[in-house]
Amino acid sequence: MSIITLTTDFGIKDHFVSAVKGAIYTELPEARIVDVSHEISPFHIIEAAYIIQNAYKNFPKGSIHIIGIDSELHAENKHIAVKLDDHYFICANNGLISLIASEFRPEKMVEINIHGTRGTNFPVLDVFVTVACHIARGGTLEVIGKTVTDIKMIKGITPIVNLGDKQIVGSIIYIDNYGNLVTNIKRKLFEKIGKGRTFKITARSAFFYTIYDRYSDAINFEIEKSKREEDGKKLAIFNSSDYLELAIYKSNPKTVGGASSLFGLRYRDTVSINFE
């Protein structure tokens, strides 16, 4: 039986998540459900795409991913089911899939058309659950929708290379639980443009001249602990997903603050890299 994952902006205060799980178990008692996240910022498609893109690859092939972000059905927000990289994604055609599919071409995609047989005031519960259980039983996408080839694209979040390959201009696409700032600049682009040259990363008033592979690499453990620059040290790393991330070592946004608050940076703010 395929795993069914849930990613939503529902939060955990209300009944929505448990209602969706209950509906899945009612229709498919043997289902295996995994929560990816229910704390996506409301309607934040790019944040959701970042989390899903980095989570789904760790699940077995054939897993089914329900995405409840900006999922209200209307003329400009149809529902789709997509087979991509041997996984299934059920969501609104709101641009999210274009971000997840940046490295893969969808193998099959349908516009869901079963809405007339059920209410759609809560589409994740009323429609997405039915589609997920259908796929989990071995059903084909064509039964629940008509084949389509076009998906809505989200533009304007790709880094820009300027000045004859001397500068990369990117932006913040995600702020994690520690207040760390994830940019849209990936290691592959950095190495392609940088070609081993020295560089300066500028993020408002913060500057970085080294990129580490691990957070702890920024700390000199040969120095006596009381004399180290440790708590509050700013650093840049390529995170586990190979995105450039700006961080504060062992930060706590609820007490001393994180990179976001300390650097004064938020979603979509600019980060630039200048090469010598």
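The single condition from (1) in contact (Cβ under 8 Å) with a residue 60 or more places away in the chain; (2) surrounded by fewer than 19 Cβ atoms within 10 Å (Cβ to Cβ); (3) of a type outside the set (Lys, Arg) that residue 205 fails is (1). Answer with yes or no whether residue 29 is over 13 Å from the mean Cα position of the chain (by Cα), assigned to a loop (DSSP other than H, G, I, E, B) and without any contact (Cβ under 8 Å) to a residue 12 or more places away in the chain. Criteria met by residue 29. Of the residues screened, residue 94 is not one that is polar (S, T, N, Q) and either over 30 Å from residue 272 (Cβ atoms) or in a helix (DSSP H, G or I) (or both).
With respect to the stated conditions, residue 178 is modelled with pLDDT under 95 and in contact with a helix residue (DSSP H, G or I) (Cβ under 9 Å, 6 or more places away or on another chain). On inspection, residue 12 does not qualify as crowded, with 23+ Cβ neighbours inside 10 Å, assigned to a loop (DSSP other than H, G, I, E, B) and without any contact (Cβ under 8 Å) to a residue 40 or more places away in the chain.
Of all the criteria given as (1) over 26 Å from the mean Cα position of the chain (by Cα); (2) loosely packed, with under 15 Cβ neighbours inside 10 Å, the one not satisfied by residue 166 is (2). Considering every residue within the range 71-83, establish whether at least one is assigned to a strand (DSSP E or B), modelled with pLDDT under 95, among the polar types (S, T, N, Q) and surrounded by 14 or more Cβ atoms within 10 Å (Cβ to Cβ). Within the range 71-83 (the criterion being assigned to a strand (DSSP E or B), modelled with pLDDT under 95, among the polar types (S, T, N, Q) and surrounded by 14 or more Cβ atoms within 10 Å (Cβ to Cβ)), the answer is yes, since at least one residue qualifies. When you scan the range 203-218, do you find a residue that is within 13 Å of residue 181 (Cα to Cα), assigned to a loop (DSSP other than H, G, I, E, B) and assigned by TED's automatic domain parsing to the domain that holds residue 185, even just one? Within the range 203-218, one or more residues are within 13 Å of residue 181 (Cα to Cα), assigned to a loop (DSSP other than H, G, I, E, B) and assigned by TED's automatic domain parsing to the domain that holds residue 185.
What do you reckon, is residue 195 basic (Lys, Arg) and crowded, with 16+ Cβ neighbours inside 10 Å?
Taking the combined requirement at face value, the residue does not satisfy it.
For the residues 200, 225, 233, 152, the requirement of being closer than 23 Å to residue 247 by Cα and surrounded by 15 or more Cβ atoms within 10 Å (Cβ to Cβ) singles out 233.
Residue-by-condition table, conditions (1) modelled with pLDDT of 95 or more; (2) charged (D, E, K, R); (3) closer than 19 Å to residue 94 by Cβ; (4) not assigned by TED's automatic domain parsing to the domain that holds residue 32:
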| site | (1), (2), (3), (4) |
| --- | --- |
| 105 | no, yes, no, no |
| 112 | yes, no, yes, no |
| 117 | no, no, no, no |
| 123 | no, no, yes, no |
| 128 | yes, no, yes, no |
| 133 | yes, no, no, no |
| 138 | yes, no, no, no |
| 143 | yes, no, no, no |
| 152 | no, yes, yes, yes |
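Exactly one residue out of 160, 144, 185, 168 is among the β-branched types (Val, Ile, Thr), more than 16 Å from residue 260 (Cα to Cα) and without any contact (Cβ under 8 Å) to a residue 12 or more places away in the chain, and it is 160.
The values are calculated or read from the model by the stated rules, or taken from the named source; none is laboratory data. As the structure is a prediction and not an experimental result, all values here were calculated from the model. Quick reminder, even Gly has a Cβ in these numbers, built from the backbone with ideal geometry, and neighbours come from all protein chains shown.
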